[in-house]
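Notes for the one structure printed next.
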């Protein structure tokens, strides 16, 4: 994204001295509903993000202008100064979470904008938090470690935005690395970079533009199923702390003790752990056929075992298979949102055209398409 407009607006509002920062959105190639089960996720930062021009102002107020909303928010830095604007609370939360950790900062001025599509599951909110956390840390030379910057973003969602998210989104936004995906162990927070250079392929997201309402209650039910299955396994195997620590054999041992629904949910989670490991091995060999096969396996598991897909997502996944797409699955929590697809360049145009037309005929609107490239994480631009 060209930051020229952001810089021009900053000069108009606040003056000629500033620094420019960015932090990206993210995709998650595989590893879904594994974070709260102590398993692996496998995200990567993308070439779409939030961009901000920022400068300390020496006062005790923060003044932020959103180019996308064409709106200004001004707020103090005490707990009672929570701004009215929902978008400004992400920035306020970052300020407060930094202060809670004992760091002293003053007010600042900022202008920001983004090209992460809102509501498409690419974590625009994490990109916003990470941009400001990284920038404040740099401007005030606070020396906060990168993992703590990710936790500051997560705590902002929990305490100021009412979202009890895991840490994957903020982690990917801060730690992203061009040409690499990151395998994160959600139980230990250990991580490892894996090469992602899909030459001859494109990565494209197809956004259904639907969000079915049962999402939050259904999410809680599935979490309870996983916790129940894990508790039964732990009685026999006390080394199992999270469901992702269990094996399929362990699950079979307790099958008669739990409901069929709990069994299916647990089967998906244990299978997903292995699929992530398979994809890591395949990427080190440059084997994108195996990567794609495991993506289709994840979609099947999310649709038939975890039951968090929907007609629109299954429809796009079926089209992907029919068009010879290498790998496709629902990305994110489910019940709407995007599919993520790895498709050979020579098949790309036919796939996207077929998906748009057939989806329009069935559901009355076209899916949005987003090509993504794996890119670097939070950084200063100038």
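If I model the range 201-372 as equal point scatterers sitting on the Cα atoms and use the Debye formula, what is log10 I(q)/I(0) at q = 0.08, 0.12 Å⁻¹? Log-scaled intensity ratios, in q order: -0.28, -0.60. A simple spin-label model places pseudo-atoms 7 Å from Cα toward Cβ; at residue 289 and residue 199 they are separated by 1.8 nm. Quick one: helix 215-236 against the long Cα principal axis of the chain, what's the angle to the nearest 10°, folded into 0 to 90? In the chain, helix 215-236 runs at an angle near 60 degrees to the longest axis.
Computed from the C-beta positions of residue 210 and residue 256 and an R0 of 41 Å, the FRET efficiency is 0.60 to the nearest 0.05.
For the chain, the share of DSSP beta bridges that are antiparallel, to the nearest 5, is 95%. Using the rule -39500 (n - 2.57) for each DSSP H run of four or more residues, divided by the residues of the chain, the 222 nm mean residue ellipticity is -14000 deg cm²/dmol.
Stretch residue 238-residue 8 to full length: gain in nm at 0.36 nm per residue minus the Cα-Cα span?
76.8 nm
Label-to-label distance for residue 60 and residue 140 is 1.4 nm, based on points extended 7 Å past Cα in the beta-carbon direction.
Remark: relative contact order (the chain) = 23 percent; criterion is Cα-Cα distance under 8 angstrom and separation of 6 or more residues.
For the range 356-382 versus the range 300-346, the inter-centroid distance based on Cα atoms is 14 Å.
Measuring r between the beta carbons of residue 382 and residue 86 and using R0 = 25 Å, the FRET efficiency lands at 0.30. A straight chain from residue 321 to residue 163 at 0.36 nm per residue would run longer than the Cα-Cα distance by 53.4 nm. Against the chain, whose longest principal axis is taken from its Cα atoms, helix 345-363 shows a tilt of about 90°.
Helix 288-300 and the long axis of the chain differ in direction by around 80°, with both axes built from C-alpha atoms. Take the Cα of residue 249, go 7 Å toward its beta carbon, and none of the backbone nitrogen atoms of the range 29-44 fall under 19 Å from that spot. Placing R0 at 51 angstrom, the Cβ-Cβ distance between residue 105 and residue 220 gives a FRET efficiency of 0.90 after rounding to 0.05.
Between rounded, prolate and oblate, where does the range 4-197 land on the alpha carbon gyration tensor, with a ≥ b ≥ c its root eigenvalues, rounded for a/c under 1.5, else prolate if a/b exceeds b/c? In terms of gyration-tensor shape, prolate.
Values in this text are rule-based calculations from the coordinates and carry no lab data. What you are looking at is a predicted structure, and each value in this text was computed from that prediction instead of being measured. Reconstructed Cβ throughout: ideal geometry from the backbone, glycine too, with neighbour counts over all protein chains shown.
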